[in-house]
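Right, one structure below, let's go through it.
Just so it is clear, none of the values below were taken in a lab; they were calculated from the coordinates. All figures in this text were calculated on a predicted structure; none of them were measured in a lab. A quick note on method: Cβ atoms are made from the backbone with ideal geometry, for glycine too, and the neighbour counts reach across all protein chains shown.
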Amino acid sequence: MKVTEHIKKAKGKTLFSFELIPPQKGKSIQELYNNIDPLMEFNPPFIDVTTSREEFIYIDRDGLLDKKLTRMRPGTVGICASIKHKYNVDTIPHVLCGGFTKEETEYLLVDCHYLGIDNVMALRGDAMKEEKYFVPTRGGHTYANELVKQITNMNKGKFLHEVIESDNKSDFCIGVAGYPEKHMEAPSLDADLRRLKEKVDAGADYIVTQMFFDNKRYFSFVEKAREHGIEVPIIPGIKPVAVQRHLQLLPQVFKLDMPDELVRAVEGCKTREQVRQVGVEFAIQQSKELLDYGVPVLHYYSMGKSDNIKQIAEAIF
């Protein structure tokens, strides 16, 4: 079922969903299941699975370093199929511009269609670790709105090199990212919202926001998005602080602000357990306020660990 259909079926009730990352190569999928199991009691209608970009590694060959391109966390589509089969829940693979040609994207979408996957999250993706700025893959897309157009075209039977008339066309529900504090590369929030409108005009059906810690930023973002003519559901993304290093890492990587109330509370912790609990309590209060606002879904960035997400869900759902 499509994300938009889940939201419509809920009739105003806020849904629970979460996002996870694939295990590294060589790791068992059972660890992923162990973190999903405790969250299934909250009836998530869908689960997102991220896609990692390729990265360079260096292999020592008789004293010479051999530079190779690899993916440390492959298997997104396979994991989505496995979770869908095991838990009978919709899964949403993240589809990236970066690291994929248009042909590779088409093959991935064909696989998703065959597997009965109804939703995809279309993202530009980040720059590679060795790049300061995003560089498009040769033969790939530069912007997410181009990726959305490719998916929309495929839904109409328009493939890259041919048009196929068929009763078995894909009908993907397309999600895209939104940035309450603007994308780090955008010159202004209004400029960023114009880019977001382009993605919606290209066929995006819903938006999931980047993590934020000040709900006022989300409320203002939704209001301004509506002023720009963006009418699709806007789902807030929530990330509970889990380690003290998040105070430096999250603002640096995602270019966001953290409320001083949260910063002081984390700085006052003496153990990792205390930090984790502060993160849980803050996320609970943040979630309750968003719940009162009437958000369609509360979407949590679990990134592979579920104990803190479970604590939050127990207090909310």
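What the table below lists for this structure:
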| quantity | calculated |
| --- | --- |
| Alpha-carbon centroids, the stretch 1-57 and the stretch 254-301: separation in whole Å | 20 |
| Positive-end extreme of charge dipole, the chain - chosen from T271, I235, L193 (charges on Cβ) | T271 |
| Dipole of the chain, positive direction: furthest Cα of L123, N308, I83, with charges on the beta-carbon | N308 |
| Value of relative contact order over the stretch 3-316, rounded to a whole percent, pairs C-alpha under 8 Å and six or more apart | 19 |
| Simple Cβ-charge dipole of the stretch 3-316, Lys/Arg +1 and Asp/Glu -1, about Cα centre, in debye nearest 20 | 280 |
| Long-range HN-HN contacts of L298 with modeled amide H, under 5 Å | L15, F16, S17 |
| Beta bridges per DSSP with both ends in the chain, % antiparallel, nearest 5 | 25 |
| Cut-off 15 Å between beta-carbons: net charge of the residues surrounding D90, Lys and Arg +1, Asp and Glu -1 | -1 |
| Tail beyond 27 Å, pair distance distribution of the chain (Cα, percent) | 45 |
| Amide hydrogen neighbours beyond the local backbone of D118, cut-off 5 Å, H modeled | T91 |
| J(HN,Hα) series, the stretch 83-92, from Karplus relation 6.51 cos²θ - 1.76 cosθ + 1.60, nearest Hz, glycine and proline x | 5, 4, 6, 6, 10, 6, 10, 5, 10, 10 |
| Calculated from backbone phi, Karplus (6.51, -1.76, 1.60) coupling profile of the stretch 223-233 in Hz, x at Gly/Pro | 4, 5, 4, 5, 5, 8, x, 8, 10, 6, x |
| Karplus (6.51, -1.76, 1.60) ³J(HN,Hα), θ = phi - 60°, over the stretch 95-101, in Hz, Gly and Pro reported as x | 10, 10, 6, x, x, 9, 7 |
| Over the stretch 160-249, relative contact order from alpha-carbon pairs under 8 Å, at least 6 apart, % | 30 |
